[in-house]
Amino acid sequence: MYQSIALWSHPRSMSTAMERSFTERGDFTVFHEEFAYVFFMHEERAEIPHKHPDPDHPLTYHEIRDLMERERSRRPVFHKDFPYHVLDHLLDDPGYLRGQTHTFLVRDPAEAVFSHATIHPALTREVLGYEPLARLFDRVVELTGTVPPVVNAADLAADPAGTLAAYCAAVDIPFRPEALSWSSGERPEWRTWSGWHRDVAGSEGFRQPRRHYRVPEEQRPRLLEYVEYCRPFYEHLDAFRIRPAAPA
């Protein structure tokens, strides 16, 4: 079996930009938030805007897991997802967890939560994603006895070359500078969630996220409560943050 790299994150974390970089590499099959079908379509645990589901897409955790695992029998796999989509399933599947190369990405909740609310004004605590991310991180450490690499989105935006070089070294793959830039445009694998990825679709490489958060003033107290709820989980993960590599 080839390597399977999992990038676990939370919404609005620059995770799709990292995924886009792996698509540009060309040496991995890239999967985009496949497990979201379990949470939003199969189990129907929450509503979400900008949803355009593929009627032929597998729906259950085991079907989606097995789809990605079959692919890694042919070539390396990179899959990006949010643990809250299938946290209970993941925690009950130690064999699958032991077989992945786990990596984590976080962004300061003071930015991510307001960015999230700009696209999803009715967001609830259940879909913020920080607590499930921290729970999965701790479970991976428990199962593997090693601490997986954690990337902070601030480093990715400020020093994409150094951050990606450090990330690639941590997962034992070659760093490819040509994957720091790409052609703008929507990717086919984003169609289910096309409204969520306009920033990266309009980009040609890593860049500082826009901070023009359009949220009604009356929502700010609730969102600030969400930020404070997420912060301990963010800080727990950020304590293991890998630092950008020095220029070669």
Yes or no: the stretch 95-108 includes at least one residue that is surrounded by fewer than 17 Cβ atoms within 10 Å (Cβ to Cβ) and in a helix (DSSP H, G or I). yes
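For the stretch 213-221, check the following and say yes or no: at least one residue is at pLDDT below 95 and open to solvent by less than 30 Å² (accessible area, probe 1.4 Å).
The answer is yes; a qualifying residue exists.
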Restricting to the stretch 68-92, count the residues that are farther than 22 Å from V127 by Cβ and either outside any helix (DSSP H, G or I) or open to solvent by 60 Å² or more (accessible area, probe 1.4 Å) (or both). 8
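Of the residues in the stretch 135-148, how many are of a type outside the set (D, E, K, R) and surrounded by fewer than 18 Cβ atoms within 10 Å (Cβ to Cβ)?
Counting residues in the stretch 135-148 that are of a type outside the set (D, E, K, R) and surrounded by fewer than 18 Cβ atoms within 10 Å (Cβ to Cβ) gives 6.
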Every residue in the stretch 113-169 that is closer than 20 Å to H236 by Cβ, free of Cβ contacts under 8 Å to residues at least 24 places away in the same chain and among the hydrophobic types (A, V, I, L, M, F, W, C), please. V141
By residue number, the members of the stretch 116-134 that are surrounded by 21 or more Cβ atoms within 10 Å (Cβ to Cβ) and in a helix (DSSP H, G or I) are H116, A117, V127, Y130, P132, L133, A134
Search result, residues across the stretch 1-54 that are at pLDDT below 95, surrounded by 22 or more Cβ atoms within 10 Å (Cβ to Cβ) and out of contact with any helix residue (DSSP H, G or I) (no Cβ under 8 Å at 6 or more places or on another chain): S15, E19
Inspect the stretch 56-67 for any residue being open to solvent by 10 Å² or more (accessible area, probe 1.4 Å) and touching a residue at least 60 places away in the same chain (Cβ under 8 Å) and give the result as yes or no. yes
Condition check: part of a helix (DSSP H, G or I), of a type in the set (A, V, I, L, M) and in contact (Cβ under 8 Å) with a residue 24 or more places away in the chain. Does A179 satisfy that? yes
Cβ-Cβ below 6 Å, separation at least six or inter-chain, first residue in the stretch 230-243 and under 19 Å from Y167 (Cα atoms) and modelled with pLDDT of 95 or more, second open to solvent by 70 Å² or more (accessible area, probe 1.4 Å) and not charged (D, E, K, R): which pairs? F240/V147
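The values are calculated or read from the model by the stated rules, or taken from the named source; none is laboratory data. Bear in mind the structure is a predicted one, so any value in this text is a computation, not a measurement. We place every Cβ from the backbone using ideal geometry, glycine too, and count neighbours over all the protein chains shown. What goes into the accessible areas is simple: the full protein's heavy atoms, side chains included, and nothing from ligands, DNA or RNA. Shrake-Rupley method; radii C 1.70, N 1.55, O 1.52, S 1.80 Å.
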